[in-house]
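Some notes on the structure that comes next.
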Amino acid sequence: MDNEPILLDSVRMARFVARGSLRLDAVVPADLNAEALTVLAQEVPPVPYGTPLARAYAPDSFPARLLAVPQVAGALRSLVGPGPLVDHHAVHVREPRGGDAQPLHADAIIDVRPDAFDVQLMYYPQEVTLEMGGTLSVPGSHLRRTNETDTGRYQNLRGQDRLVCPAGTVVFVHHGLWHGGRRNDSDTTRYMFKIRFNPTVRQRLLWDTSDLHDPRVRAELDVHFPWYEQATGRLERYNRALLWRELTGDPDFDLDHWVTRVSNRPQEATA
Ligand SMILES: O=C(O)CCC(=O)C(=O)O
């Protein structure tokens, strides 16, 4: 039973919908992290775009064993369901005292799918200190659709997150999240392994829904992030409510009447 996937609960799903990311600290065991430093230094052979996960990695390979970690397997299943495709993967290396910070970006082009999303797994095999230039991300930016580095001129945003984490941390991000690797000002090479997954099933109620009506779910969905102006944050809450409707199948879910108001288009003519 120990290796069973550990699904997310509704509170954590709602947190993902609001923030656009989910962080699992130190879930990967130390022996796998040690192996990763060797494996990632040699690159991981590419897989063709859209390879079914079941065929992408040999069962005894490093990526397969990483994805079998119960918290990782459970989060992936909760977010994209069974049988996802591996869109692509990449090893991201930040050289010691080398290079520049990446511009803030969302990976790929504007992706306006309202009822589906890809997730990207980001795995950090070693402890990441502030100096090592952990991935910068902007909580709650994923539903503000942008094209690649359109956001590159923003240097710092209030409430941004610079990842500092223990070894073996995995972060799942929504495909739209604004992020960028920071400059590595330390003497240590920093590795990150990223895999993008495409769902193959409808992303609806795929997690442990036993707490679906817990009041903390709504509180998570209604959270405010510091980079929003009071009024612009309304758009994010509107988009979150739309996504939560899709994920749960509840056509009436709303936050402060935003979706209800905007979708009100009466068809009945006056007598
Ligand atoms: O190196 C990092 O921390 C992030 C890199 C990344 O996500 C990217 O290049 O898109």
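The values are calculated or read from the model by the stated rules, or taken from the named source; none is laboratory data. None of the values given here were measured: they were computed from a predicted structure. Positions of Cβ are backbone-derived with ideal geometry, glycine not excepted, and every protein chain shown enters the neighbour counts.
See the values below:
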quantity	calculated
Hey, ASP254 in contact with a helix residue (DSSP H, G or I) (Cβ under 8 Å, 6 or more places away or on another chain), without any contact (Cβ under 8 Å) to a residue 12 or more places away in the chain, closer than 30 Å to VAL201 by Cβ and surrounded by 10 or more Cβ atoms within 10 Å (Cβ to Cβ) or not	no
Checking ARG94 against (1) of a type in the set (D, E, K, R); (2) buried (at least 18 other Cβ atoms within 10 Å of the Cβ); (3) more than 11 Å from the ligand (Cβ to nearest atom), the condition it does not meet	(3)
Conditions (1) under 15 Å from the mean Cα position of the chain (by Cα); (2) crowded, with 19+ Cβ neighbours inside 10 Å; (3) not in a helix (DSSP H, G or I): number failed by ASP111	(2)
Residue check for LEU243: away from the ligand (no atom under 16 Å from the Cβ), crowded, with 21+ Cβ neighbours inside 10 Å and not in a loop (DSSP other than H, G, I, E, B)	yes
The listed residue being out of contact with any Ser or Thr (no Cβ under 9 Å at 6 or more places or on another chain), surrounded by 12 or more Cβ atoms within 10 Å (Cβ to Cβ) and at pLDDT 95 or above, out of ALA58, ALA14, ALA26, ALA30	ALA14
Selection from segment 111-148 of residues that are over 17 Å from LYS194 (Cβ atoms) and within 16 Å of the ligand (Cβ to nearest atom)	GLU127, THR129, LEU130, GLU131, VAL138, PRO139, SER141, THR146, ASN147
Search result, residues across segment 151-171 that are in contact with a helix residue (DSSP H, G or I) (Cβ under 8 Å, 6 or more places away or on another chain), within 13 Å of the ligand (Cβ to nearest atom) and not in a loop (DSSP other than H, G, I, E, B)	ARG162
Which listed residue is in a loop (DSSP other than H, G, I, E, B), of a type outside the set (S, T, N, Q) and in contact with a strand residue (DSSP E or B) (Cβ under 8 Å, 6 or more places away or on another chain), from PRO82, PRO46, PRO59	PRO46
Number of positions in segment 172-203 that are within 13 Å of the ligand (Cβ to nearest atom), of a type outside the set (Phe, Trp, Tyr) and within 22 Å of PHE62 (Cα to Cα)	7
The lone exception for GLU43 - which of (1) closer than 24 Å to GLN155 by Cα; (2) at pLDDT below 95; (3) surrounded by fewer than 14 Cβ atoms within 10 Å (Cβ to Cβ) it fails	(1)
Odd one out for ARG77 among (1) assigned to a helix (DSSP H, G or I); (2) surrounded by fewer than 19 Cβ atoms within 10 Å (Cβ to Cβ); (3) in contact with a helix residue (DSSP H, G or I) (Cβ under 7 Å, 6 or more places away or on another chain)	(3)
Considering residues of segment 192-231 that are touching a strand residue (DSSP E or B) at 6+ places or on another chain (Cβ under 7 Å) and surrounded by 20 or more Cβ atoms within 10 Å (Cβ to Cβ) only, the residue nearest to PRO84 (Cα to Cα)	PHE197
In segment 131-174, residue farthest from the chain's Cα centre (by Cα) [restricted to those that are of a type in the set (Val, Ile, Thr) and within 23 Å of HIS224 (Cα to Cα)]	THR151
Meets criteria (in contact with an Asp or Glu (Cβ under 6 Å, 6 or more places away or on another chain) and surrounded by 14 or more Cβ atoms within 10 Å (Cβ to Cβ)) for HIS89	no
Qualifying residues in segment 127-149 (those that are of a type in the set (Ser, Thr, Tyr) and part of a loop (DSSP other than H, G, I, E, B)) - the one farthest from ASP31 (Cα to Cα)	THR146
